[in-house]
Amino acid sequence: MTNIMTEPTPECRLESGAQLVPVGLELNRSVFFSGDESYDEQESKASSSRFMDRNVWRERAESGLLLISYSQDGTAGGFCLSYPKSSPTTKDDCWHIWLVGVLKGARRNGHWKAMLQATIQHAKNHGFSTVSISTFPDKFPAMFASLQKNNFCVDQSSLRGGSGGGKVFLKLNIQDSIL
Ligand SMILES: CC(C)(COP(=O)(O)OP(=O)(O)OC[C@H]1O[C@@H](n2cnc3c(N)ncnc32)[C@H](O)[C@@H]1OP(=O)(O)O)[C@@H](O)C(=O)NCCC(=O)NCCS
């Protein structure tokens, strides 16, 4: 069953649930694998298998939260898939945002802001105090800017080693959220 989450802004409406996996996968394909974003072809092919894997999506949507954000006209504009992730070494449990994307034509209308707000609230309701996300600031500057604006902090240990191709891991202490 589709859950109507909230009406966080006049511009968009959120729905959640694992039954929305096909919608999320299609949005993911459009944002990341149809030339919208700057993945080069090789990287796209290498990544697409994992990031487009229906079983991985289903598993994470069932244990976590898959959100689809719709524009006022009813078209799907963006998706966000997050799930609870624990670190066996640090025992540091985070609600982890795995994949996010908003269609180019739907950006700057608050889709991501609404999904982030709902994700943070969901994490809080499930007893988590931290939300995490990995990103590539050079490739996704708008995402990095939005995370900094919302008080996500770069985990300095993720910068060491330099093997992640510019990937950084950020964490938000939920009580520091401005949303
Ligand atoms: C990053 C992305 C998800 C933002 O989605 P969006 O729905 O356009 O974002 P919103 O309209 O909700 O904006 C939320 C905040 O993000 C920031 N932001 C969004 N787009 C921005 C841009 N182009 N430049 C700078 N900041 C930006 C702003 O802080 C904004 O808040 P404000 O409008 O109050 O200033 C979208 O640009 C996108 O899908 N990018 C490509 C895919 C991607 O980066 N995925 C994440 C990979 S880790």
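Restricting segment 117-179 to trypsin sites (Lys or Arg not before Pro) that sit in a DSSP loop and have at most 10 other Cβ atoms within 10 Å of their own Cβ leaves Arg160. Within the set of other residues whose C-beta is less than 14 Å from the C-beta of Ile120, count the net charge using Lys and Arg as +1 and Asp and Glu as -1. My count for the surroundings of Ile120 gives +3.
Summarising the amide proton neighbourhood of Leu65: residues at separation of 5 or more, or on other chains, whose placed amide H is nearer than 5 Å comprise Ser82, Tyr83. Working from label points 7 Å from Cα in the Cα-to-Cβ sense, the Asp176 to Val56 distance is 2.9 nm. Computed 3J(HN,Hα) for segment 25-30, one whole-Hz value per residue from the Karplus formula 6.51 cos²θ - 1.76 cosθ + 1.60 where θ = phi - 60°, is 4, 5, 5, 4, 4, 5, glycine and proline marked x. Ranked by how many other Cβ atoms sit within 10 Å of their own Cβ, fewest first, the residues Ile97, Ile133, Ile174 fall in the order Ile174, Ile133, Ile97. Peptide packing for 100-107, 72-79 was compared via the average number of neighbouring C-beta atoms within 10 Å per residue; ordered from the highest value, the list is 100-107, 72-79. Charged neighbours of Ser132, selected by a Cβ distance under 12 Å, balance to -1 (K, R count +1; D, E count -1). Fewest neighbouring Cβ atoms within 10 Å first, the residues Cys12, Cys153 line up as Cys153, Cys12. Near Leu99, the amide H atoms lying under 5 Å from its own belong to Leu81; only residues 5 or more places off or on other chains count, and H is placed 1.01 Å from N.
Values in this text are rule-based calculations from the coordinates and carry no lab data. Quantities reported herein were computed from a predicted structural model and do not represent experimental measurements. Cβ atoms come from the backbone with ideal geometry, glycine included; neighbour counts cover every protein chain shown.
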